[in-house]
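Presented below is the structure to which this report refers.
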């Protein structure tokens, strides 16, 4: 009898990390004989092409109302009741063998309704935790703010004005109580929580979800796309002519990703060194000093792989991260990584693939980069690529989920 998988995530778009992950897990499941369904927010994504069968949830009006409830009353995840009831009815019809949750925040679900249903059925539930929202009273990450209130119950949230933004009400204390009641209602033997890093598992063990059953599964990447390149096309395209190329990449450059730190580093660079920053906005690019080459966000992954390959070293001065994909991409292209001692950012770095320095120590990061440059890419390149092939192959990481599904069904 064909097994049936239902995944739930707000977006399907493959230019988002979670959208790409749910689609590719679904494709691998189908290749192994499963039926694959993905429930997502129609109000956010419209109708998107997908090899899995799609289950659209709600519409634009639902997203708008949910956004208003979030902005005014800090009720993220506590609107969209009708859309969620309709999803539950669809789930009753589908009768999936495995229900795999990803992000359930994103202005499209009423999580108490969803979890009340999940708690009373017998279907195994897998929940991949991509950020920290599930176990805090408001925020999706707390490291940059240095906040530990989620351990004791939240309240007086220092990040209320950040995503998911609330302009008026601070409901963070009640939110964490509501989440605890909903998310611990599923019997332990039927819920497997999958943090994407060991760091995140360690954090969750200190939260109200600490008694859940955990299985860490790291994210993977496409090792055919991200591989070492030998040509210098991007060097000439972007006029990168210095001997030592320090590369940094982010989807959005901000203080949390280390923007201020890299601006400080720019003043310390030597004449033979250049810093290349990928992902800047046009406004940010115009403000960069002359020894920083700014490249706006690109959807050309081949060009991005060429930039990784061109660089002598990849810098990741992030102040909060779970398991950054950019580190994996750099290593897959044979480029060593220097990162701060931040969250799960260190989990892909060994003494053969890069260096880790204390958070905020710009001098130490630059010194580590210079040490790596002095040793040369040949010292690191083969080890970086081998480590990536052993640990980051997306098909292997998605296969970890299929093995987990089969284990739960046994």
Those residues of region 134-156 that are within 23 Å of the chain's Cα centre (by Cα), in a loop (DSSP other than H, G, I, E, B) and on the phi < 0 side of the Ramachandran plot come to a total of 12
Scanning region 118-133 residue by residue, those closer than 13 Å to residue 191 by Cα and either in contact (Cβ under 8 Å) with a residue 24 or more places away in the chain or in a loop (DSSP other than H, G, I, E, B) (or both) turn out to be 118, 119, 121, 122, 123, 124, 125, 126, 127, 128, 129
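With the condition kept exactly as written, say whether any residue in region 327-340 is surrounded by fewer than 21 Cβ atoms within 10 Å (Cβ to Cβ) and either more than 16 Å from residue 246 (Cα to Cα) or at pLDDT below 95 (or both). Give the steps one after another, and end with the answer.
Filtering region 327-340 down to residues surrounded by fewer than 21 Cβ atoms within 10 Å (Cβ to Cβ) leaves none.
For region 327-340, residues surrounded by fewer than 21 Cβ atoms within 10 Å (Cβ to Cβ) and either more than 16 Å from residue 246 (Cα to Cα) or at pLDDT below 95 (or both): absent.
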Only one of 62, 74 is surrounded by 16 or more Cβ atoms within 10 Å (Cβ to Cβ), without any contact (Cβ under 8 Å) to a residue 60 or more places away in the chain and either out of contact with any helix residue (DSSP H, G or I) (no Cβ under 7 Å at 6 or more places or on another chain) or over 29 Å from residue 220 (Cα atoms) (or both), namely 62
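Which helices (runs of 4 or more DSSP H) sit wholly inside region 201-292 and have at least 2 residues that are buried (at least 19 other Cβ atoms within 10 Å of the Cβ)? Steps first, answer last, please.
Working: elements: 233-237, 259-266, 282-287.
Counting at least 2 such residues, we get 259-266.
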Filtering region 394-408 down to residues that are closer than 23 Å to residue 350 by Cβ and either touching a strand residue (DSSP E or B) at 6+ places or on another chain (Cβ under 8 Å) or free of Cβ contacts under 8 Å to residues at least 40 places away in the same chain (or both) yields 394
Apart from one, (1) without any contact (Cβ under 8 Å) to a residue 60 or more places away in the chain; (2) over 27 Å from residue 21 (Cα atoms); (3) surrounded by 20 or more Cβ atoms within 10 Å (Cβ to Cβ) all hold for residue 365; the odd one out is (1)
Residue set 198, 239, 218, 173; condition on the phi > 0 side of the Ramachandran plot and touching a residue at least 24 places away in the same chain (Cβ under 8 Å); output residue 239
When every residue in region 78-92 that is in contact (Cβ under 8 Å) with a residue 40 or more places away in the chain and under 26 Å from the mean Cα position of the chain (by Cα) is compared, the one surrounded by the fewest Cβ atoms within 10 Å (Cβ to Cβ) is 78
Those residues of region 1-37 that are without any contact (Cβ under 8 Å) to a residue 60 or more places away in the chain, in contact with a strand residue (DSSP E or B) (Cβ under 6 Å, 6 or more places away or on another chain) and closer than 27 Å to residue 110 by Cα come to a total of 5
Here the residues within region 93-104 that are buried (at least 18 other Cβ atoms within 10 Å of the Cβ) and farther than 19 Å from residue 409 by Cβ are 102, 103, 104
Residue 186: passes all of (1) assigned to a loop (DSSP other than H, G, I, E, B); (2) in contact (Cβ under 8 Å) with a residue 24 or more places away in the chain; (3) within 20 Å of the chain's Cα centre (by Cα); (4) crowded, with 16+ Cβ neighbours inside 10 Å but (3)
Within region 28-44, the residues that are crowded, with 22+ Cβ neighbours inside 10 Å and closer than 28 Å to residue 161 by Cβ are 40, 41, 43
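The values are calculated or read from the model by the stated rules, or taken from the named source; none is laboratory data. Predicted, not measured: the structure shown is a model, and the values here were computed from it. Note that each Cβ is placed from the backbone with ideal geometry, even for glycine, and that neighbours are counted across all protein chains shown.
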